[in-house]
Amino acid sequence: MGHALLDRIDQRIRLAGHNRLALLLFRLGSRQLFGVNVFKVQEVLPRPPLFRLPQLPRAFAGAADVRGRTVPVLDLGRAIDQEPGDPPQYLVVTEFNRSVQGFLVSAVERIVNIAVEDIQPPPEWGGGASPHLTGITRHNGELIQLLDVESVLAESAPRERDTQPLAPLEVAPSVPRQVLVVDDSRVARNQIRGVLEQLGLESTQLSDGRQALDHLLQLVAAGQAPGERYAMVISDIEMPAMDGYTLTTEIRRNPALSDLYVLLHTSLSGVFNQAMVERVGADDFVAKYSEHDLAEHIGRRLMALA
């Protein structure tokens, strides 16, 4: 099933930049349907034998030998406190944030194409949205919850921060010190905020491309030039309401916004994204997540403004 399913990914690439998202649908324990961006998925396999590695965090079920490569494996249902049900039968091997990891799931369904505008923010319970969801949508009348697998992985296996602190940037007084950050992941926004603060910069943080475009157009309507307020825009790619490719396209086609510098910052494949950067007119691309790589791209932009 895995090869037949993933062979269709090439057909989905043409959707990028058209504000559509290809989702791999799967179930965890109960009958609830979940989705993850198919571009994060390498392959889907029947559950393989697992073995323990001493260095694996306790949250991991073990590791698997996948085509001669040792892949750490997380029981996804257990990691998000999903009610137990059918035991995990499949391994979804993913690659994002410069690492490969596997997630155990109960059942794998199919790939569907969803219009990004049909994805809604996750509902809020107890004063806040679920930290494990980036959005919800429906397909054929069935509710789909979009999992923030980056957040799940960050909680299950926290990364050590880069040991070398970042030095504040020394830039000319005329250079804007504000950066517009657009990302639907709470974890990612906090990470970017931390880098900017170390560099001595401030940020405005929004959770999707539609919010960002509306914000920029409001500035224009108020007589402010976004290119003078913001040194750059740092945008994720996969977001509800409007993805980063479409946001970049809208910025480039509007004369009042077209001088904004756009850095796309995403966990998706670097090779694929480099081609899309050129297609939609972004200025640069950096893969998640390295504090020093992100800081280098930010510094290069601000030095160019001096």
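Things worth noting here:
- When restricted to residues that are hydroxyl-bearing (S, T, Y), surrounded by 19 or more Cβ atoms within 10 Å (Cβ to Cβ) and either out of contact with any Asp or Glu (no Cβ under 9 Å at 6 or more places or on another chain) or under 19 Å from P168 (Cα atoms) (or both), the stretch 180-235 contains 1.
- Any chance A157 is surrounded by 21 or more Cβ atoms within 10 Å (Cβ to Cβ), under 18 Å from the mean Cα position of the chain (by Cα) and within 29 Å of P121 (Cα to Cα): no
- Residue in the stretch 82-97 that is assigned to a strand (DSSP E or B), more than 25 Å from A22 (Cβ to Cβ) and not small (G, A, S) present: no
- Those helices (runs of 4 or more DSSP H) lying entirely in the stretch 165-234 with at least 3 residues of a type in the set (S, T, N, Q): 186-198
- From the options F96, F60, residue that is among the aromatic types (F, W, Y) and farther than 30 Å from A241 by Cβ: F60
- Taking every residue in the stretch 159-174 that is closer than 13 Å to A231 by Cα and pairing it with any residue that is modelled with pLDDT under 85, at least 6 positions away or on another chain, the pairs with Cβ-Cβ distances below 6 Å are V171/A306; A172/A306.
- Filtered residue count, the stretch 236-259, keeping only those that are small (G, A, S) and buried (at least 24 other Cβ atoms within 10 Å of the Cβ): 1
The values are calculated or read from the model by the stated rules, or taken from the named source; none is laboratory data. Quick caveat: nothing in here was measured; it's all calculated off a predicted structure. Counting neighbours? That spans all protein chains shown, and the Cβs are built from the backbone with ideal geometry, glycine included.
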